[in-house]
Amino acid sequence: MKFVTYIEQQQEKVGLLYQDEIYDLSFINSELQKDLIQILADSDFTFPIIRLIQKEINLGNYQNAIVKNPQLLAPIPHPPSFRDAYAFRQHVETSRMNRGLEMIPEFDEIPVFYFSNHQAIQGPGKVYAMPHHFNQMDFELEVAIVIKKEGINISAENADEYIGGFMILNDLSARALQMQEMKLNLGPAKGKDFASMMGPYLITPDELESYKVAPKEGHVGNCYDLEMTCSVNNIEVSRGNFKDMHWTFAEIIERISYGVKLFPGDIIGSGTVGTGCFLELNGTGKRLDEKYNPQWLQPNDIIEMEVSGLGKLTNSVHLYNDN
């Protein structure tokens, strides 16, 4: 199933994306007057109802529930928490090489993550940032998951059962702020806390079965062959694949849930795919050619991220004006 969250008359609503149309679930069935976190958490009850709705749509019913030109929010606009991992070896290794550093051996020992700002989640569309954010503003091409049920001390072998869905994630970064604060060996903080865009849809795992491949040797958990690309102002700047995650989401969940409860609606990002940000691309460019001209996001730039099976997330970045 594919879900969206949209706003209508100042009310947040959940829509079902089916056959290229968005259907107002609460209009069809009053028992679905819930947010998407509740729908996922109560999936044993809600999913059979929604599957029946899909069958009715195939018969030509519920045309009056189609939402025209909805204003999409992030699928999970108010998560209880947002963690971001560091799971793609190519990104880590290349970024360190660009700084003249050896690959850190601890990367192969544990999946790491940090907490970001769960109050700064945005969906498709315009994103506004402050002037200092535009000092080396960067995109980050990622995939995020949403937890659908509570759990603690979850084993990697069972962790995929806790995943309610997948989304594209563009974790904006203010690199100048980030580099300044991380000299203090704490963070990232202000370099990351102002905007993380997700969407446009949340895709349940069953929709990705045809993309499933084996994880890397020595690892456990579901893995998917999904092409990932990012374009800035209609020029492709990044291309990678979701299957190249060194650590699977199952293994990341095991690490995160050690001694700590996960809750429905918690969001976990994959970290940046290889080539998935200007920081890495600029570093590689400079390492190979000292005359390389670095690129960063500028006001009014349009960022389009596309992931097989997960759709296309389009945003534009703008300078905040409090006047």
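None of the figures in this text is laboratory data; all of them are computed from the coordinates on show. Keep in mind that what you see is a predicted model, and the values were worked out from it rather than measured. For neighbour counting, all protein chains shown are included, and Cβ atoms are generated from backbone atoms with ideal geometry for every residue, glycine included.
Side notes on the structure shown:
- FRET efficiency, residue 119 to residue 290 (Cβ-Cβ, R0 35 Å, nearest 0.05): 0.25
- Taking 1.002 mPa s as the viscosity and 20 °C as the temperature, the Stokes-Einstein diffusion coefficient of region 82-319 based on its alpha-carbon Kirkwood radius rounds to 119 µm²/s.
- Charge context of residue 151, other residues only, Cβ under 14 angstrom, K/R +1, D/E -1: -2
- With the simple spin-label model, which puts each label point 7 Å out from Cα in the Cβ direction, the residue 236 to residue 318 separation comes to 3.0 nm.
- Cα-only radius of gyration and Dmax that characterise region 2-72, units Å: 11.3, 32
- Selection of trypsin sites (Lys or Arg not before Pro), region 1-101, meeting DSSP coil and at most 11 other Cβ within 10 Å: 68, 99
- Net charge dipole, the chain: roughly 580 debye, given to the nearest 20, about the Cα centre with Cβ charges of +1 for Lys and Arg and -1 for Asp and Glu.
- Length gained when the stretch residue 207-residue 47 is fully extended (0.36 nm per residue, less Cα-Cα span): 56.3 nm
- Helix runs (DSSP H) in the chain reaching 20 Å along axis by Cα, Kyte-Doolittle at least 0.0: 43-58
- Spatial separation of Cα centroids for region 90-137 and region 234-300, in angstrom: 6
- Extension gain for residue 179-residue 112 works out to 22.2 nm (0.36 nm per residue, less the C-alpha to C-alpha distance).
- Of 153, 94, 64, farthest towards positive along the dipole that unit charges on Lys, Arg, Asp, Glu beta carbons give region 64-162: 64
- Mean Cβ neighbour count within 10 Å, used as a protection proxy, ranking 75-82, 163-170 highest first: 163-170, 75-82
- Cβ-derived FRET efficiency at R0 25 Å, residue 103 paired with residue 189, nearest 0.05: 0.50
- Separation of the alpha carbons by more than 31 angstrom is noted, of 55/148; 190/261; 148/286, for 148/286.
- The helix-based estimate of mean residue ellipticity at 222 nm for the chain, built from -39,500 (n - 2.57) per DSSP H run of four or more residues and divided by its residue count, is -5500 deg cm²/dmol to the nearest 500.
- FRET efficiency for residue 81 and residue 128, using Cβ-Cβ distance with R0 set to 25 Å, rounded to 0.05: 0.60
- Net charge of Cβ neighbours under 13 Å - reference residue 269; Lys, Arg +1; Asp, Glu -1: -3
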